[in-house]
Amino acid sequence: MSDLHNAFPQGAASFAVWSRTSLTASAPDFLAEEVPVALVYNGISHVVMMASPKDLELFAIGFSLSEGIIEHPREIYGMDVVSACNGLEVQIELSSRRFMGLKERRRALAGRTGCGVCGVEQLNDIGRPVQPLPFTQTFNLAHLDRALMHLNDFQPIGQLTGCTHAAAWVMPSGELAGGHEDVGRHVALDKLLGRRATEGEEWRQGAALVSSRASYEMVQKSAMCGVEILFAVSAATTLAVDVAERCNLTLVGFCKPGRATIYTHPQRLIAD
């Protein structure tokens, strides 16, 4: 059993299952792990999200940036991932200034699988203001198919279980600089945004690519972190398009080989 355990990636587990055609004999199958992850800032629990138990430091950085808790990773002085009751805690030490700002607007948020609306105190809290993005990026759509072809490379858990979302950074050439996966699509994106914030200048050029639909929060998180172009494999929602239009983000959905639907700000894109 230990050899089997070592054969699959962190974030997956083996279970006995039965199939429709064989209810008398079980067979091994793999499931994605999903655990409660609490982000604790300076000793105060701020949010609990359901997530895959990997790359949690990057998740904490990305969430802190995309939620406006910090403006730069250096405002996090320290971080530890520890086991807690029925889950994990990411214990984050914020700068005093950022912690004071967090306390002023802190809310209790208990998320479902990467759900970011579930804990806002009022409907007015949805869609917080985002500084309009500059127009510094371009992307040739001729290179998009190359990125789509390799997106699955960053989903080892997904390949095994069929149960994760991916978010990857696409270079202007179509090469994927890196990517992350999670059972929650928002969490996968936060992990990518955290990774981007800690990488070098080459990660400033390009676009984000997600394997899911483009909800308003995916757009808002991207814009909060300075991402000008967001590609989504599935569709966009009306609120996502509205937020993208207002914050100058180029939003593209239904990204498949040879296909893409551009919802907002097509001037950043070059036709293939």
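List of remarks:
- Verdict on residue 60 being surrounded by 12 or more Cβ atoms within 10 Å (Cβ to Cβ), in a helix (DSSP H, G or I) and touching a strand residue (DSSP E or B) at 6+ places or on another chain (Cβ under 8 Å): yes
- Complete set of residues in the stretch 238-268 that are in contact with a Leu (Cβ under 6 Å, 6 or more places away or on another chain) and aromatic (Phe, Trp, Tyr): 263
- Every listed requirement among (1) at pLDDT 95 or above; (2) buried (at least 18 other Cβ atoms within 10 Å of the Cβ); (3) within 16 Å of residue 46 (Cα to Cα) is met by residue 102 save one, (1).
- There is no residue in the stretch 35-52 that is part of a helix (DSSP H, G or I) and of a type in the set (Val, Ile, Thr).
- For the stretch 255-272, the set of residues classified as within 15 Å of residue 207 (Cβ to Cβ) and not in a strand (DSSP E or B) consists of 263, 264, 265, 266, 267, 268, 272, listed by residue number.
- Residue count, the stretch 217-272 (criterion: small (Gly, Ala, Ser) and in contact with a Gly (Cβ under 9 Å, 6 or more places away or on another chain)): 6
- Lone qualifier among 250, 238 - being closer than 19 Å to residue 143 by Cα, of a type in the set (Ser, Thr, Tyr) and touching a Phe, Trp or Tyr at 6+ places or on another chain (Cβ under 9 Å): 250
- Scanning the stretch 27-52 for residues that are more than 22 Å from residue 217 (Cα to Cα), out of contact with any helix residue (DSSP H, G or I) (no Cβ under 7 Å at 6 or more places or on another chain) and at pLDDT 95 or above yields a total of 2.
The values are calculated or read from the model by the stated rules, or taken from the named source; none is laboratory data. Fair warning: this is a prediction, and the values are worked out from it, not measured in the lab. Here the Cβ is made from the backbone with ideal geometry for all residues, glycine too, and neighbour counts use every protein chain on show.
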